[in-house]
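Below is one structure, written out as structure tokens; comments come after it.
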Amino acid sequence: MLQLQHLTLGYADREIIHDLSVSFKAGEKVAILGVSGAGKSTLLNHIHGQLASVSALCAQSQGLVESLSLYHNIYMGALARHNALYNIANLITPFTSRLAEVSALCDALELDMPPSQLVSRLSGGQRQRVAIGRALYQQKPLFLGDEPVSALDPAMADRVLELIIARHETVIMVLHNRAQALAHFDRILGIADGRLTLDSPANKLSLAELDEFYAQASPDQVDVSGYVAGDLPSNVRGDGA
Ligand SMILES: Nc1ncnc2c1ncn2[C@@H]1O[C@H](COP(=O)(O)OP(=O)(O)OP(=O)(O)O)[C@@H](O)[C@H]1O
């Protein structure tokens, strides 16, 4: 599907991704892990640029329109499937069939409010699900996600990840939660300082090995993602212990 050879990416005169080679096959479910600033989003955006016509990108920035409803924000995923006149008419008065499709998507994403609700009134986790809904509504074979479930509680994040994976042939997703990566994905890539330092089937990795990957990538940082509460080191438990 995509082969990247000796890829170098950066901004202005600063190189972020260094001589990175990796390939992706159709059908894979790939999680990309790495400490903050490692270059994951830079790589994901490049992949989107290469595969724009077949992919739906759910970016960290979301790009939702605050003054529009949940319905209209999700419908934007389908703008390219219809002509301008149709889209304008639907903006003014939603078509029943499109409203039914978006409502079903909202149900699947556990967005239990009317589709007419303004996005400006939604919580962080609700906004993330609207952004995911817009990407799902594009109905593309490849889902590219940049921490799309980071604001959801763990159980809901698991259900939403299952939904995303069930509706796409291929998924490439940046995540910080190692447990979610192991549970839902079949291949895990690790990026450290702009280099690919881990590329393994998920079933060959343990949570402890992923913790070690994070520790090596940034020995000075303590990242709690992937730990269960009782496992947290005392210095990050936040209970004064
Ligand atoms: N538009 C930009 N212009 C200049 N530098 C940028 C830009 N976007 C990102 N960077 C820099 O590139 C580096 C990698 O950023 P990137 O967003 O790819 O990291 P990341 O691994 O996705 O981080 P995080 O987990 O925090 O989202 C960072 O040092 C960041 O400051």
Which of the residues spanning the stretch 100-126 are under 17 Å from L152 (Cα atoms) and of a type in the set (V, I, T)? V119
So, in the stretch 46-62, of the ones that are within 11 Å of the ligand (Cβ to nearest atom) and within 20 Å of A192 (Cα to Cα), which residue ends up modelled with the lowest pLDDT? Q60
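Among the residues of the stretch 21-35, which ones are touching a helix residue (DSSP H, G or I) at 6+ places or on another chain (Cβ under 7 Å) and part of a strand (DSSP E or B)?
Residues satisfying the conditions are K29, A31, I32, L33.
From the list L91, L43, L79, pick out the single residue that is at pLDDT 90 or above and among the hydrophobic types (A, V, I, L, M, F, W, C). Quick ask: steps written out before the conclusion?
Working: L91 fails: at pLDDT 90 or above; L79 fails: at pLDDT 90 or above.
After applying the criteria, what remains is L43.
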Tell me, which residue of the stretch 1-24 that is touching a residue at least 60 places away in the same chain (Cβ under 8 Å) and surrounded by fewer than 16 Cβ atoms within 10 Å (Cβ to Cβ) is nearest to the ligand (Cβ to nearest atom)? E15
Residues that are within 16 Å of the ligand (Cβ to nearest atom) and more than 15 Å from S55 (Cα to Cα), at least 3 per element: which helices (runs of 4 or more DSSP H) completely within the stretch 123-186 meet that? 178-184
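With modelled with pLDDT of 95 or more and buried (at least 18 other Cβ atoms within 10 Å of the Cβ) as the only criterion, which of A166, A192, A181 stands out? Step through it out loud before you land on a result.
Values: A166 fails: buried (at least 18 other Cβ atoms within 10 Å of the Cβ); A192 fails: modelled with pLDDT of 95 or more.
Just one listed residue meets the conditions, A181.
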Any chance G27 is within 16 Å of the ligand (Cβ to nearest atom), in contact (Cβ under 8 Å) with a residue 24 or more places away in the chain, over 24 Å from A217 (Cβ atoms) and surrounded by fewer than 20 Cβ atoms within 10 Å (Cβ to Cβ): no
Write out, first by first residue and then by second, each pair whose Cβ atoms fall under 8 Å of each other, whose residues are 6+ apart or on separate chains, and whose first residue, in the stretch 42-56, is assigned to a helix (DSSP H, G or I) while the second is aromatic (F, W, Y) and more than 16 Å from the ligand (Cβ to nearest atom). I47/F24
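Take the conditions modelled with pLDDT under 95, surrounded by fewer than 17 Cβ atoms within 10 Å (Cβ to Cβ) and within 10 Å of the ligand (Cβ to nearest atom) and apply them to S36. Does it pass? Outline the logic, then answer.
On the way: modelled with pLDDT under 95: yes; surrounded by fewer than 17 Cβ atoms within 10 Å (Cβ to Cβ): yes; within 10 Å of the ligand (Cβ to nearest atom): yes.
In short, yes.
The values are calculated or read from the model by the stated rules, or taken from the named source; none is laboratory data. None of the values given here were measured: they were computed from a predicted structure. In this analysis, Cβ positions are derived from the backbone assuming ideal geometry, glycine residues included, and neighbour counts consider all displayed protein chains.
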